[in-house]
Amino acid sequence: MKNSIPQFLLLENPPAPSGGNGRRRAHSLVDRGMTVFAGLLQDIMIQWALASRDGLLQVLDARVKVLFWVLLLVTISFKSTVPSLAGIAAMTVVLTFGSRVGLGRVYGKVLPLTFFFGVLLSAPSMLNIFSPGTMILPLVTLQGPVPVLTMTIPQQIGITAEGLTICFRLVLRVFASLSLSILMLSVTPFPEIIRALKLFRIPDFLLLILTLTGKYIYLFAQTVLDMYRAMKVRLVLGMTNADFRAWSTGRMAIIFRKTQLRADDIYRAMLCRGFSGEIRLAGSGRLRKSDWAGACVLAVFVLAAILV
């Protein structure tokens with residue numbers, strides 16, 4: 001029987017054209033973009049899995065955890081010494097370990113953010129230009145002082161002990177805050193966090209907006225990823241930059257239209273279920289004895305953070 005399959009489909013790895021039109025580059029760019037959406041979906045699924053584990057924090061009521069979260073963040077913001085901030089960061093590591101959340105998973109996100117928001121943004125504060133004091137590391141020597149607007153750059157520029165202390169304090173504050181926040185987000189489902197915010201008298205319509213926004217982000221990422229995979233399985237010889245721009249523009253229009261239709265469908269469904277304009281979220285039940293015991297343990301952590 002004669003083989004009727006086209007020859008290019010019999011190739012094991014059909015090469016994508018990589019001439020001057022930039023097809024391969026466009027394809028790799030969209031691949032990297034879709035990796036971001038896939039990572040977002042993976043993080044959401046992992047967060048659900050981590051929140052369902054039996055750990056020190058997972059078994060507690062969300063209201064206890066949110067209250068502890070807020071109190072410790074306020075404590076961190078008021079601390080002004082390096083040892084106290086380092087002590088709070090160490091306590092957060094202990095809580096992470098006790099909650100059976102992988103240290104690499106939490107601090108793999110904390111360290112890059114700390115480097116950017118803590119180290120890079122606060123690095124200029126180490127210089128004597130902004131923090132005069134005892135010079136510990138000279139860097140540059142100019143011919144003389146240079147006036148710039150309302151300030152004067154000194155002849156010798158370097159790192160001061162006072163500036164280094166300020167930088168360490170800012171870095172530790174960012175590190176401790178991010179460690180605590182990412183830990184709490186890892187051990188508490190997002191809907192439970194929203195429900196626990198009722199403890200702070202936040203209006204229900206704002207909580208509902210946050211809830212729907214969180215769900216839509218998940219659906220948006222899933223929709224974009226499904227569209228890209230459907231397009232990719234139909235490609236044989238790759239796509240040009242012009243084709244990719246046309247495809248992206250078309251998908252933007254489709255997603256915008258789907259968003260409008262989904263919003264209308266949700267609103268009609270709410271009307272069918274008796275929605276009359278007043279929004280109320282169901283509250284949580286009474287705290288269990290284990291929640292009160294956990295609250296006492298966390299209160300000890302907060303008290304230690306205040307006194308350290």
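Quick rundown of the values:
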quantity	calculated
Residue ID - modelled with the highest pLDDT, chosen from residues in segment 191-219 that are within 20 Å of THR259 (Cβ to Cβ) and in contact with a helix residue (DSSP H, G or I) (Cβ under 7 Å, 6 or more places away or on another chain)	LEU210
Residue identified as crowded, with 19+ Cβ neighbours inside 10 Å and more than 23 Å from the chain's Cα centre (by Cα) among GLY144, GLY133, GLY163	GLY163
Index of the failed condition, ARG201 passing every other in (1) farther than 19 Å from VAL66 by Cα; (2) without any contact (Cβ under 8 Å) to a residue 12 or more places away in the chain	(1)
Test: residue in segment 225-233 that is over 28 Å from GLU192 (Cβ atoms) and aromatic (Phe, Trp, Tyr)	yes
Segment 210-237 residues that are without any contact (Cβ under 8 Å) to a residue 60 or more places away in the chain and surrounded by 14 or more Cβ atoms within 10 Å (Cβ to Cβ), paired with ones that are assigned to a helix (DSSP H, G or I) and of a type in the set (Phe, Trp, Tyr) (beta carbon under 6 Å, 6 or more apart)	GLY214/PHE190
Subset tally (residues that are more than 14 Å from the chain's Cα centre (by Cα) and modelled with pLDDT under 85) for segment 98-123	7
Selection count, segment 170-190, where residues are part of a helix (DSSP H, G or I) and farther than 14 Å from PHE117 by Cβ	7
Inter-residue pairs, beta-carbon under 9 Å, first in contact (Cβ under 8 Å) with a residue 40 or more places away in the chain and in segment 244-255, second part of a helix (DSSP H, G or I) and among the basic types (Lys, Arg), 6+ apart	PHE244/ARG23
Options ILE202, ILE217: the member that is within 25 Å of GLN58 (Cβ to Cβ) and within 20 Å of the chain's Cα centre (by Cα)	ILE217
Residues being under 19 Å from the mean Cα position of the chain (by Cα) and farther than 13 Å from ARG173 by Cβ - total across segment 68-97	4
Segment 78-106 residues that are at positive phi, paired with ones that are modelled with pLDDT under 80 and among the charged types (D, E, K, R) (beta carbon under 9 Å, 6 or more apart)	ARG100/ARG53; ARG100/ASP54
Members of segment 56-95 found to be among the basic types (Lys, Arg) and under 19 Å from LEU164 (Cα atoms), listed by number	LYS79
Scope segment 56-71; condition assigned to a loop (DSSP other than H, G, I, E, B) and over 11 Å from THR188 (Cβ atoms); matching residues	LEU56, VAL59
Test: VAL74 is modelled with pLDDT of 90 or more and part of a helix (DSSP H, G or I)	yes
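Residue-wise test of (1) at pLDDT 80 or above; (2) acidic (Asp, Glu); (3) under 23 Å from GLU192 (Cα atoms).
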{"residue": "ARG262", "(1), (2), (3)": "yes, no, no"}
{"residue": "ILE266", "(1), (2), (3)": "yes, no, yes"}
{"residue": "LEU271", "(1), (2), (3)": "yes, no, no"}
{"residue": "ARG280", "(1), (2), (3)": "no, no, yes"}
{"residue": "GLY285", "(1), (2), (3)": "no, no, yes"}
{"residue": "ALA293", "(1), (2), (3)": "yes, no, yes"}
{"residue": "VAL297", "(1), (2), (3)": "yes, no, yes"}
{"residue": "ALA305", "(1), (2), (3)": "yes, no, no"}
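The values are calculated or read from the model by the stated rules, or taken from the named source; none is laboratory data. Please read all numbers here as calculations on a predicted model, not as lab measurements. A quick note on method: Cβ atoms are made from the backbone with ideal geometry, for glycine too, and the neighbour counts reach across all protein chains shown.
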